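Enquirer: Attaching a single structure in structure tokens format; questions to follow.
Any read-out appearing in this document is the output of simple, stated calculations on the displayed coordinates, not a laboratory observation. Quick caveat, the model's predicted, so the values are computed rather than measured. Glycine also receives a Cβ, built like all others from the backbone with ideal geometry; neighbour counts cover every protein chain displayed.
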Amino acid sequence: MPRVLAPVEVGLGESAALGPGLLTDRFGRVHRDLRISLTDKCNLRCTYCMPEQGMPWIARDKQLSVEEMARIAGIAVAHGVTEIRLTGGEPLLHRDVVDITRRLASLPGAPEVSMTTNGVHLVKLAGPLRDAGLTRLNISLDTVDRDRFRQLTRRDQFDAVLQGLDAADEAGFTGTKLNSVLLRGVNDDEAPALMEFAHGRGYEPRFIEQMPLDAGHTWSRDTMVTADEIFAALTDQHTLTPVPHRGAAPAQRWYVDGTSAMVGIIASVTRPFCGACDRIRLTSDGQLRNCLFQRGESDLRALVRAGGSDQDIAHALGVSIEQKLPGHGVNDPGFIQPERGMSAIGG
Ligand code: SAM
Ligand code: SF4
């Protein structure tokens with residue numbers, strides 16, 4: 001009998017009162033944003049994300065098929081999800097990424113389909129993805145220095161990323177965001193340079209506080225570069241004016257030097273924004289997570305493969321959202337890092 005493993009068991013045939021409240025949790029948060037991890041594999045090894053070796057990869061037979069993924073996403077969209085973000089691991093490594101994008105973008109309800117990528121394979125895929133209906137890109141780049149890139153990602157792919165950025169622009173993507181994680185003593189002097197690089201290309205830079213989600217469990221509060229430090233580094237050379245109306249967005253944003261160019265800081269650890277969270281996550285092996293830091297997962301793959309109806313799957317979605325905690329708890333004394341890292345959960 002398939003089950004939603006945690007926190008509540010749900011079996012086949014259990015009916016639920018489905019309705020407009022399905023995506024609303026006990027704290028009134030409405031979940032509109034579904035992040036789907038296409039794969040846990042990656043062609044880089046960013047030091048803050050994955051160890052060089054020894055990753056326990058998800059077995060092939062446990063990975064969702066394109067049909068299974070599209071079915072779960074379709075049920076979520078039918079109940080009110082409006083945005084789907086494809087992520088990973090590195091989503092461009094999935095051999096069917098263009099097909100998946102097309103299928104999700106053409107779901108009834110027409111969700112917006114965007115992607116977070118390291119950009120290495122955009123050279124060949126930016127055009128096809130745009131044609132398939134991908135609306136926007138978040139591209140991760142932590143340094144504008146080639147040697148540092150190699151140190152930080154353990155791969156010599158800086159030029160491929162730059163070519164990928166060009167390909168994305170040529171394919172017609174707009175509203176591109178450049179995500180950067182700053183590491184103490186490695187690239188923490190680069191906030192202004194990364195911002196200028198992003199603005200020079202018409203992108204919005206966003207700095208993400210390093211979270212305790214590395215697969216090697218080596219995160220330390222002492223080495224994390226805080227939002228306050230990033231803000232200080234930027235305001236040392238620039239004037240930042242707050243952008244009003246943050247909504248459910250994880251980034252706090254500012255206008256730069258009185259222009260319309262913006263910069264964002266995602267202070268997940270020092271200024272959690274869980275109170276407005278609208279995100280749920282589906283891993284590439286079909287586990288639903290209501291929070292990056294959730295300790296349990298809901299096994300939608302088992303439900304689907306045992307012949308679960310759309311209503312069973314919707315019910316499992318509702319149960320997971322219903323059980324979502326008010327906050328991630330990273331700053332609580334008893335916090336325990338989740339078993340799986342960011343690359344397996346989907347960032
Ligand atoms: N491989 C793609 C990429 O790098 O954009 C998508 C997946 S990656 C896990 C998504 C985002 O999570 C990236 O911007 C990455 O920098 C960020 N990330 C990874 N590990 C992190 C951590 N421990 N703390 C904060 N951000 C992290
Ligand atoms: Fe790969 Fe993205 Fe993790 Fe870097 S941050 S190792 S690119 S999944």
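Enquirer: Can you pull a Stokes-Einstein diffusion coefficient for the range 241-347 at 4 °C (1.567 mPa s), Rh from Kirkwood over Cα pairs, as a whole number of µm²/s? Before the final figure, lay out each step's value.
Expert: Numbers: Rh = 16.0 Å.
Reported coefficient: 81 µm²/s.
Enquirer: Right, next: Which is the longest part of the chain that has none of the GluC sites (Glu not before Pro) sitting in a DSSP loop with at most 16 other Cβ atoms within 10 Å? Walk me through the numbers on the way to the answer.
Expert: Working: sites that count: 9, 14, 52, 339.
After excluding every exposed loop site, the longest remaining stretch is 53-338.
Enquirer: Further question: When only C-alpha pairs under 8 Å and at least 6 residues apart count, what is the relative contact order of the range 33-345, in percent? Working shown, then result.
Expert: Numbers: 591 pairs, mean separation 61.7, N = 313.
That works out to 20 percent.
Enquirer: Another one. Lysines within cross-link reach of residue 41: Cα-Cα under 16 Å, excluding same-chain residues under 8 positions apart?
Expert: 62
Enquirer: With a cut-off of at most 13 other beta carbons within 10 Å, and DSSP calling the residue loop, which trypsin sites (Lys or Arg not before Pro) in the range 26-127 qualify? Please list them.
Expert: On the way: sites: 26, 29, 32, 35, 41, 45, 60, 62, 71, 85, 95, 102, 103, 124; in loops: 26, 29, 32, 41, 45, 95.
Filter output for the range 26-127: 26, 95.
Enquirer: Can you compute the equivalent ellipsoid semi-axes for the range 41-144, i.e. the square root of 5 times each eigenvalue of the Cα gyration tensor, sorted largest first and rounded to whole Å?
Expert: 24, 17, 12
Enquirer: What would the Debye equation give as log₁₀ I(q)/I(0) for the range 144-252 at q = 0.11, 0.15, 0.21, 0.23 Å⁻¹, counting only Cα atoms as equal point scatterers?
Expert: Listed by q, the Debye log ratios stand at -0.41, -0.78, -1.38, -1.48.
Enquirer: To continue, here is another question. List the extent of the Cα atoms of the chain along each of their three principal axes, largest first, rounded to whole Å.
Expert: Result for the chain: principal-axis Cα extents of 60, 45, 41 Å.
Enquirer: Name the residues of the range 78-96 whose amide N is less than 13 Å from a point 7 angstrom out from the Cα of residue 124 along the C-beta direction?
Expert: 92-96
Enquirer: Under a point-charge model restricted to the Cβ atoms of Lys and Arg (+1) and Asp and Glu (-1), what is the dipole moment magnitude of the chain relative to its Cα centre, in debye to the nearest 20?
Expert: Value, rounded to 20: 560 debye.
Enquirer: Among the trypsin sites (Lys or Arg not before Pro) within the range 272-347, which fall in a DSSP loop and have no more than 14 other Cβ atoms within 10 Å of their own Cβ?
Expert: Here the sparse-neighbourhood loop sites are 295.
Enquirer: If contacts are Cα pairs under 8 angstrom and at least 6 residues apart, what is the relative contact order of the range 263-326 in percent?
Expert: 26
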